[in-house]
Amino acid sequence: MADELTVEQVADAMYNMIKSAMGEKKLKPMDLQKAMIEHFGADRCDKKLCKEAIKSLIDSSRCVYTYFGGSFIEIPHEEGAAKG
Amino acid sequence: MANGQTPKLDKLDKGPWPSFVREIKRAAEKSPMSKDLLGLLELSYTEKIGHWKHGGIVGVLGYGGGVIGRYTDVPDKFPNVEHFHTMRINMPTGWFYTSKALRTICDIWEKHGSGLTNMHGSTGDIVLLGTRTEELEPIFSELTKEGFDLGGSGSDVRTPSACVGPARCEWACYDTLALCYDLTMTYQDELHRPAFPYKFKFKCAGCPNDCVASVARADMSIIGTWRDDIQVDQSAVKEYSDKGLNIQKDVCGNCPAKCMDWDGQKLDIDNRSCTRCMHCINAMPKALRPGKDRGACIMLGSKAPIVEGAQLSSVLIPFMKMEPPYQELKDLCEKIWDLWCEEGKSRERVGEFIKRVGMGNFLEAIDIEPSPYQVAYPRDNPYIFYEEYFEEGDDEEEAGEE
């Protein structure tokens, strides 16, 4: 089906969302999942696909998990507290 | 302090009991990290403020849990604890080790970290205290080579833990070790890739004595119980009495359900009123045993007082058979997670979520039949107001029929 979404398409959309929110809002996996289902539609994008997309983002090192009172997904960056 | 003197900590080292200060001092003899840790702690005691920053981006590739970032805000004074990350290691189920396994962990940690450990943290994991960011991947690689994996941290399933269960305890009503191992293996993704509003803890207790305190410390407490009658050996009860146990006062009198009576010859138990508290069984272990139809009570919602106050778990399923592949339990977990992930607020534990939406609404949403056992406290009113379950117009129909 030409219309079928791939894991990479969802991962790219998630990455763009994380990039544009960087410095303003930390996003949790659930925020990404809800946004993707809304963006692509529930008939094309489901929880399983989102889970795979997050896995792909993390395993490829494009994103990392962070912790600030809860777990978030962010683009890798140098922490202020980690001295050079 | 930076000059190596620790007068305040030394006071903690003077009592007769083992002190963490003594252990850090021993480690400091060969670890500069531990030496600086003492200095930093002395500084905190002097200034009455903490010098640690918690959290951040540290971790190993692919995992969102298992490493807890720590940096100090005074790296110039104590450069060896500039990074002092903690690693949580998934403990063997029931905390059974060989001495070789313990030596392996300690060797890895002395090579790459401070050498300080905490056996075990409140979730039950092996906690390794203090290492640098660049050491995390080498440690992970060496640990996995030896068959160890990281545990949970952050907003994920925390390392499931269990009491020693049938391995050493005659009261275990199900195989806690097997269930704990199964849950750990089934929920690898949920353990290592945080996707929940906040943490979620499983604890498996084999009987209502609840040696792992699951009712107070786990989001999902799986506590062994039975649904038939307590097994009684009347001659053994008599023997306890003959040897001086005041059965009426010390056993019947302390029964919270007041469901038993002793006439000097025979112990009568009204099993329908029994709350399975185990008091009588603990008092007369040779005479009483749990029933033969065994399983577990599934409870939900306890937590320590971090965001809101402390909560104890509430009964969700009064009795569930606990046999592999535990499909009924897993289906229940997934229903709970689906709802909590969808509707829960950030940093809201599942117990707080239930409190916010109401137990009745929660049960309806996860498709569980309300039961009179789902009470806040024993012998209290049920959560469920059954009149809510009347369909609209029921009253009118009934009135019309009159």
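The values are calculated or read from the model by the stated rules, or taken from the named source; none is laboratory data. What you see is a predicted model; the values in this text were computed from it and never measured. Counting neighbours? That spans all protein chains shown, and the Cβs are built from the backbone with ideal geometry, glycine included.
Observations
- Of all positions in region B:273-282, at least one carries a residue that is assigned to a helix (DSSP H, G or I) and closer than 14 Å to B:Asp228 by Cα.
- For region B:323-335, the count of residues that are at pLDDT 95 or above, at negative phi and among the polar types (S, T, N, Q) is nonzero.
- Options B:Lys292, B:Lys249, B:Lys286, B:Lys238: the member that is assigned to a loop (DSSP other than H, G, I, E, B), over 30 Å from B:Ile57 (Cα atoms) and more than 29 Å from the chain's Cα centre (by Cα): B:Lys286
- Residue selected from region B:29-51 under the condition touching a residue at least 24 places away in the same chain (Cβ under 8 Å) and more than 19 Å from B:Thr131 (Cβ to Cβ), by the criterion surrounded by the fewest Cβ atoms within 10 Å (Cβ to Cβ): B:Thr46
- Applying the condition of being among the charged types (D, E, K, R) and over 24 Å from B:Tyr198 (Cβ atoms) to region A:1-50 and asking which residue is nearest to the other protein chains (Cβ to nearest Cβ) yields A:Lys19.
- The set of residues in region A:17-60 that are under 24 Å from B:His54 (Cβ atoms) and in a loop (DSSP other than H, G, I, E, B) comprises A:Met22, A:Gly23, A:Glu24, A:Lys25, A:Lys26, A:Lys28.
- Some residue of region A:51-65 being more than 7 Å from chain B (Cβ to nearest Cβ), more than 21 Å from B:Gly66 (Cβ to Cβ) and not small (Gly, Ala, Ser): yes
- Some residue of region A:37-58 being closer than 30 Å to B:Pro79 by Cβ and among the aliphatic types (A, V, I, L, M): no
- Here B:Ile57 meets the list (1) free of Cβ contacts under 8 Å to residues at least 12 places away in the same chain; (2) touching a Gly at 6+ places or on another chain (Cβ under 9 Å) almost entirely, failing just condition (1).
- Residue in region A:70-83 that is facing chain B (nearest Cβ under 8 Å), within 30 Å of B:Asn80 (Cβ to Cβ) and not in a loop (DSSP other than H, G, I, E, B) present: yes
- Answer residue from region A:1-16, given it is among the aliphatic types (A, V, I, L, M) and assigned to a helix (DSSP H, G or I) and is nearest to the chain's Cα centre (by Cα) among those: A:Met14
- Region B:33-92, residues that are acidic (Asp, Glu) and within 14 Å of chain A (Cβ to nearest Cβ): B:Asp73, B:Asp76, B:Glu82
- Helices (runs of 4 or more DSSP H) lying entirely in region B:142-220 (those with 2 or more residues that are of a type in the set (A, V, I, L, M, F, W, C)): B:176-186, B:214-217
- Screening B:Ser153 on (1) within 14 Å of another protein chain (Cβ to nearest Cβ); (2) among the small types (Gly, Ala, Ser); (3) without any contact (Cβ under 8 Å) to a residue 12 or more places away in the chain shows it passes everything except condition (3).
- Checking each residue in region B:201-213 for being surrounded by 24 or more Cβ atoms within 10 Å (Cβ to Cβ), at pLDDT 95 or above and not charged (D, E, K, R) picks out B:Phe202, B:Cys204, B:Ala205, B:Gly206, B:Cys207.
- Any chance B:Asp125 is more than 14 Å from chain A (Cβ to nearest Cβ), out of contact with any helix residue (DSSP H, G or I) (no Cβ under 9 Å at 6 or more places or on another chain) and either buried (at least 20 other Cβ atoms within 10 Å of the Cβ) or more than 21 Å from A:Ser56 (Cα to Cα) (or both): yes
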